[in-house]
Amino acid sequence: MNETPPKWREQARMLARRIEKNAKRLSSWRRQENVTCYRLYDRDIPEIPLAVDWYQGRLHVSVYERKERALDHEKLRAWLDPAARELGVDDDRIFIKWRRRQEKGSQYEKIGSRKQSFQVREGDALFWVNLSDYLDTGLFLDHRRTRTLVGKEAKGTHFLNLFCYTGSFTVYAARAGAASTTSVDLSNTYLSWAQENLRLNGFEDEERHRLVRDDAFGFLAHHTPPRGGYDLVVIDPPTVSRSKKMTRKLDIQRDHVELIQETARHCRRGAVIYFSTNYRKFELAEPSLSNLDILDITAETTPFDFRDDKIHRCFRMMKR
């Protein structure tokens, strides 16, 4: 085996030092917040384009590479191994994902079948995560604060979760005492995952906590809301979706006004809609949403452990 190049060794030392520094900085915060899954490293060093997340003794590593600068696997492991040793993480607990720009990129893409699901805790809530089989893990860490905000407003509400993925927002709403929850997604896999998350937290009433397989526009077109309308809604869509299962293609920049207005039509006056997007160039067409009072709460919802302050955009909207 060839000796590790000196530059790689120096980069590995830089990465290990930064992760150790970040771990110390986050230690009191994570204990106080009862957070067991968090970001340890967020592309802090430009020449080391990684995001490293801690999931209760496991490392989930996202590699952000450009086509013209492909990252060699041997180089990646040379970077990671010293940090992993310092953290006490064995090789079989390191999960690496390559985040390449793709024409049809989706967080729902399946990339493996190891089925190594396990439970994690966030505050008082429990979730199933899977670090091996999908591009994302089942729990978006960047929306930890957003979930908390939803939980604070959910008591007694009729709650709607569009593009629900694995139902983490629904779990927070249910735990807060929502009168009912409705979670909508096109994927049977993720609806089943959402159901398991609800059950894990003690919610097995399928009439009170409905799971609906549909795309958002199709659901909004034919669905009858609860009497009086929804009180609280989360819309966290992908940037684009070209799924053949959808009634139409989705481009969130082009379609967000229609999506939000169709949702608002199903809401009572005074209802709150949380709308979020990961599209970095997103521009909210606020003049076309004049029936809503809108606050940009991105700064409030960006987590303490994320260095990237553009990880998402988030808006709180109230129907007038």
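Read-outs throughout are calculated quantities, based only on the coordinates presented, and are distinct from any laboratory measurement. Everything numeric here is computed off the predicted structure, so don't read it as measured data. Neighbour counts are summed over all protein chains in view; Cβ atoms, including those assigned to glycine, are modelled from backbone coordinates with ideal geometry.
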Assertion target for TYR172, TYR134, ordered by fewest C-beta neighbours within 10 angstrom first, is TYR134, TYR172
Mind listing the Cα extents of the stretch 1-91 along all three principal axes, in Å, largest one first? 44, 26, 20
Residue-span extension gain [PHE217 to ARG13] - 0.36 nm each, minus C-alpha spacing: 68.5 nm
Relative contact order of the stretch 221-296, please, whole-number percent, based on alpha carbon pairs below 8 angstrom and at least 6 residues apart. 40 percent
How large is the charge dipole for the stretch 128-319, taken about the Cα centre, if only the Cβ atoms of Lys, Arg (+1) and Asp, Glu (-1) carry charge, to the nearest 20 debye? 260 debye
What does the helix-only formula give at 222 nm for the chain: each DSSP H stretch with n ≥ 4 adding -39500 (n - 2.57), the total divided by the residues, and the result rounded to the nearest 500 deg cm²/dmol? -9500 deg cm²/dmol
Please compute the modelled spin-label separation between SER132 and GLU20, points set 7 Å along Cα→Cβ, answer in nm with one decimal. 3.1 nm
Taking neighbour counts of Cβ atoms within 10 Å as a proxy for exposure, in what order, fewest first, do ARG248, ARG93 appear? ARG248, ARG93
Measuring from label point to label point, each 7 Å out along Cα→Cβ, what is the LEU71 to ASN188 span in nm? 3.6 nm
Summed residue charge, Cβ within 11 Å of ARG199's Cβ, Lys/Arg positive, Asp/Glu negative: -4
Considering only GLN32, MET14, TRP79, whose Cα is most displaced toward the positive end of the charge dipole of the chain, charges sitting on Cβ of Lys, Arg (+1) and Asp, Glu (-1)? MET14
Do any GluC sites (Glu not before Pro) in the stretch 165-253 lie in a DSSP loop with no more than 16 other beta carbon atoms within 10 Å, and if so, which? GLU204, GLU206, GLU207
Cβ-Cβ FRET estimate between GLN56 and SER288, R0 fixed at 41 Å, reported to 0.05: 0.40
Going from the fewest other Cβ atoms within 10 Å to the most, one would list PHE118, PHE95 as PHE118, PHE95
With r as the distance between the Cβ atoms of ASP91 and ASP251 and R0 = 51 Å, compute the FRET efficiency 1/(1 + (r/R0)^6) and round to 0.05. 0.80
Of the beta bridges DSSP finds with both residues in the stretch 128-319, what % are antiparallel, to the nearest 5? 40 percent
Percentage relative contact order, the stretch 128-319, counting C-alpha pairs under 8 Å, at least six apart: 19 percent
q = 0.13, 0.14, 0.20 Å⁻¹, the stretch 171-318: log10 I(q)/I(0) [Debye, one scatterer per Cα]: -0.65, -0.76, -1.51
What trypsin sites (Lys or Arg not before Pro) does the stretch 113-212 have in DSSP loop regions with at most 15 other beta carbons within 10 Å? ARG114, LYS115, LYS155, ARG208
Over the chain: Kirkwood hydrodynamic radius from C-alpha pairwise inverse distances, Å: 20.7 Å
Which distance in nm do the two modelled labels at THR148 and ARG30 give, with both placed 7 Å along the Cα-to-Cβ direction? 1.6 nm
Once you keep just the Cα pairs under 8 angstrom separated by 6 or more residues, what percentage relative contact order results for the stretch 178-243? 39 percent
